[in-house]
1. Being modelled with pLDDT under 90, assigned to a loop (DSSP other than H, G, I, E, B) and under 22 Å from Ile29 (Cα atoms), is that true of even one residue in the stretch 170-187?
2. Would you check if Leu67 is in a helix (DSSP H, G or I) and modelled with pLDDT of 95 or more?
3. May I ask you to list pairs of residues, at least six apart or on different chains, whose Cβ atoms are under 7 Å apart, with the first in the stretch 149-175 being under 16 Å from Thr88 (Cβ atoms) and the second being at pLDDT below 80 and not basic (Lys, Arg)?
4. List pairs: first in the stretch 54-68 and within 14 Å of Thr88 (Cα to Cα), second surrounded by fewer than 14 Cβ atoms within 10 Å (Cβ to Cβ), Cβ under 7 Å, 6+ apart or cross-chain?
5. Residue by residue through the stretch 149-169, note down the ones that are in a helix (DSSP H, G or I), aliphatic (A, V, I, L, M) and loosely packed, with under 12 Cβ neighbours inside 10 Å.
6. Please work out if His25 is modelled with pLDDT of 95 or more, under 25 Å from Leu178 (Cα atoms) and surrounded by 12 or more Cβ atoms within 10 Å (Cβ to Cβ).
7. So, Asn129, is that one crowded, with 19+ Cβ neighbours inside 10 Å and at negative phi or not?
8. Taking Thr187 as meeting all but one of (1) under 20 Å from Thr15 (Cα atoms); (2) crowded, with 17+ Cβ neighbours inside 10 Å, write down the number of the exception.
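The values are calculated or read from the model by the stated rules, or taken from the named source; none is laboratory data. Here the structure is a predicted model, which is why all the values come from computation and not from measurement. No Cβ is skipped: glycine too gets one built from the backbone with ideal geometry, and neighbour counts run over all protein chains shown.
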Amino acid sequence: MTKNKIHYLSGLTITVFVGMHLLNHTLSIFGAHRHISVMHTLRIFYRNIFIETILLFAVLVQIISGLKLFKTNIKTATTQFDKVHICTGFYLAIFFIIHLSAVFGGRLFLHLDTNFYFGVAGLNSFPFNLFFIPYYGLAILSFFGHIASIHSKKMKQNIFGLSPNSQSMAILTFGLVLTIAIFYGLTNHFNGVTIPKEYEVLIGK
């Protein structure tokens, strides 16, 4: 099996999880309690030793193979979507390393439930939000940018009168709208979120 194929298959595995994760975040529009309730339901499927091991292995494969492909493809990128593919893949690799380190650090060392409040503590606190807003925003946009660039390469026919490139632009547009919706929910409609006391350690309190 080629490294491109391995990278593609590990990416599909991660995409299923990320899709559930983003759906969960989108439901934060209806409040933190709704987000946490759905999260507990989804955890039945992905937070067990079997599925979690598969996901972590897929992420590890994705990072290693992705960085190798980045070195190879950065020199041959020609189209705009080729460049989007490479840049978003590189950002996602860095994001996975930081994000997973933070999540497992929170679980194993701080003994926190890495739920809604773990994710939004920095997002709703100045000056930490100066980092976390672009950090999370670029991660979501990079996810959809990566999918859009792959779609532009693999799709060969028009759908609903849209060319493959136009379809990819529609995917990117959807990603942008979803990013705005998620931020709307995670910041409690831009009015701020009350962080429980046990999570204040994340923002130095």
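1. Filtering the stretch 170-187 for residues modelled with pLDDT under 90 gives 187.
Going one step further and asking which of them are assigned to a loop (DSSP other than H, G, I, E, B), we end up with 187.
Those left that are additionally under 22 Å from Ile29 (Cα atoms): 187.
Yes.
2. So Leu67 fails the test.
3. none
4. Correct list of pairs: Ile63/Ile97.
5. Answer for the stretch 149-169, where residues must be in a helix (DSSP H, G or I), aliphatic (A, V, I, L, M) and loosely packed, with under 12 Cβ neighbours inside 10 Å: there is none.
6. It is true that His25 is modelled with pLDDT of 95 or more, under 25 Å from Leu178 (Cα atoms) and surrounded by 12 or more Cβ atoms within 10 Å (Cβ to Cβ).
7. no
8. Exception for Thr187: condition (1).
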